[in-house]
1. Expressed as a rounded percentage, what relative contact order does the stretch 7-134 have, with Cα pairs under 8 Å and six or more residues apart?
2. Rounded, prolate or oblate: pick one for the stretch 24-133, where a ≥ b ≥ c are the square roots of the eigenvalues of its C-alpha gyration tensor, a/c under 1.5 means rounded, and failing that, prolate if a/b is larger than b/c, else oblate.
3. Take the alpha carbon atoms of the stretch 101-136, find their center, do the same for the stretch 3-74, and report the distance between the two centers in whole angstrom.
4. Once the mean 1/r over all distinct Cα pairs of the stretch 80-142 is inverted, what Kirkwood radius in angstroms do you read off?
5. What does the helix-only formula give at 222 nm for the chain: each DSSP H stretch with n ≥ 4 adding -39500 (n - 2.57), the total divided by the residues, and the result rounded to the nearest 500 deg cm²/dmol?
6. How far, in nm, would the chain grow between residue 82 and residue 100 when pulled straight, counting 0.36 nm per residue and subtracting the alpha carbon separation?
7. Name the most mobile residue of 122, 47, 38, meaning the one with the largest mean-square fluctuation, in a Gaussian network model of the chain with Cα contacts below 10 Å.
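Each reported figure results from applying straightforward, stated rules to the coordinates on display, with no laboratory input. Predicted, not measured: the structure shown is a model, and the values here were computed from it.
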């Protein structure tokens, strides 16, 4: 168990969703995984769930609204902003323009280029989840 609460993954690629699922299970993390292909569905979930979300992993290029605009929408919502849910981009689109926009125009806690190999992806998720397991922030369990 990392910390309580679901791990929300906003990713439209089925293969990448399966990768997240396999890696997180392989790491022995028992948190519920909640997948969304569209940001509108993820936003609705975040607004209505009674559960305190542990972390959000989000792609940048998504159908409809981009991941960047989704994060801006979260930042503009007082309820979700106060929830202080860690938000991490993991995307093949990790250009300096995207990274700069993410850090200068919104509150993100990480931006990672999506690793091409399983072992690299597993290592990245391990480091990110270990960090947030130890990190103190307003959404911490204790």
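1. Details: 161 pairs, mean separation 30.0, N = 128.
Rounded, it is 23 percent for the stretch 7-134.
2. On the way: a/c = 1.60, a/b = 1.12, b/c = 1.43.
Oblate, since a/c reaches 1.5 and b/c is not below a/b.
3. When both Cα centres are located, 13 Å separates them.
4. On the way: mean 1/r = 0.0770 Å⁻¹.
In the stretch 80-142 this quantity evaluates to 13.0 Å.
5. Numbers: 6 runs with 66 residues, N = 142.
About -14000 deg cm²/dmol.
6. Working: separation 18, 0.36 × 18 = 6.48 nm, distance 2.34 nm.
Here the segment from residue 82 to residue 100 would lengthen by 4.1 nm.
7. 47
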